[in-house]
């Protein structure tokens, strides 16, 4: 099976696509990369599979062979589903260990379709700005509607805003709102969505790989924070346009369907992010602010007869995973 990166050939750009039970989406993503790879010499794509167990490996392998992609696509089946960071690191690690490691590494979700020139726009941007460590694409719906993909770091005050959802409070906390309006121009930001995120090799050398203690969610924000602490900036590049079929790979953030109960790994990741970066006391404050804000929102929702679009049992799940009841 074509699953080993050729250590004798230099790779300029490595694209890592992590598949988990989405073979059709992954193949569509690869189709969208054909012309991108042609326009960027020495680009290689590695598809890692987090032990899907559903025939994904066989289906993707067959597509690679049938379409004539073996020269630029490698397939790497993994022995377990270790999560987002684990699956991406599996593709990144061997490339960094070669004698000619890639200059750039692009993390790309399987539920994406790359618009023409998207990869070149990111590479050109990074080449023009050697001080930038990380950059993200403009993510959009199939009809071109932009999605919010340039964010601020989560803080205790952003947790209050997230829970309360009250316009006056949001305006007062404007500087701490996690997802500001979509920028029209390239701009510096705290972190970008991992659905299409390019990273300079030196950032991995300074920071290390993605933190595999996160199963899913918060890992790209944590990585961007560690990079910032090492002096690397993060930018949003709207010239790089990528269609993102939101929630198709995880099933958690799909806005087209009724919300599902939030999985345990989301709460574990949130707790890890705050504990790792700010400590126990800060997490306690963040938990209090979110839960207080959310309770006020639920009361206001009933009084104002607003629709209930929250995941089932969200408050109960949050409280039982709060720092006061659970500390791993």
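According to a simple spin-label model (label point 7 Å from Cα along Cα-to-Cβ), what is the distance in nm between residue 80 and residue 276?
So the label points at residue 276 and residue 80 sit 1.8 nm apart.
Sequence gap at least 6, Cα distance under 8 Å: using those rules, report the relative contact order of the chain to the nearest whole percent. Could you put the intermediate results ahead of the total?
On the way: 626 pairs, mean separation 65.6, N = 328.
Computed over the chain, the figure is 20 percent.
Please arrange 36, 58, 239 by counting, for each residue, the other beta carbons lying within 10 Å of its beta carbon, fewest first. Intermediate results must be reported in sequence, preceding the final value.
On the way: 36 21, 58 11, 239 16.
Fewest-to-most ranking of 36, 58, 239: 58, 239, 36.
Return 26, 170 ranked ascending by Cβ neighbour count within 10 Å, so the fewest neighbours appear first.
Values: 26 27, 170 15.
Sorted ascending by nearby Cβ count, the order is 170, 26.
Would you list 282, 217 from fewest to most Cβ contacts within 10 Å? All intermediate terms of the calculation are to be shown ahead of the outcome.
Values: 282 15, 217 23.
Final ranking by Cβ density, sparse to dense: 282, 217.
Taking only the C-alpha atoms, wrap a convex hull around region 1-125 and report its volume per residue in Å³ as a whole number.
Residue-normalised Cα hull volume stands at 95 Å³.
Against the longest alpha carbon principal axis of the chain, how many degrees, from 0 to 90 and to the nearest 10, is the axis of helix 84-96 turned?
30
Only Cα pairs within less than 10 Å get springs; with that Gaussian network setup on the chain, which residue of 161, 310, 287 has the largest fluctuation?
310
I'd like the antiparallel share, as a percent to the nearest 5, of DSSP beta bridges with both residues in the chain.
Details: 17 of 42 bridges.
Counting only bridges with both partners in the chain, antiparallel ones make up about 40 percent.
Say we join alpha carbon atoms closer than 10 Å with springs in a Gaussian network model of the chain; which of 91, 293, 136 then has the biggest fluctuation?
293
Give me the one-decimal Kirkwood hydrodynamic radius in Å for region 264-320, with the sum taken over alpha-carbon pairs.
Evaluated on region 264-320, it is 12.6 Å.
Readers should treat all values here as calculations from the given coordinates under stated rules, not as data from a laboratory. Being a predicted model, the structure only gives us computed values, none of them experimental. Counting neighbours? That spans all protein chains shown, and the Cβs are built from the backbone with ideal geometry, glycine included.
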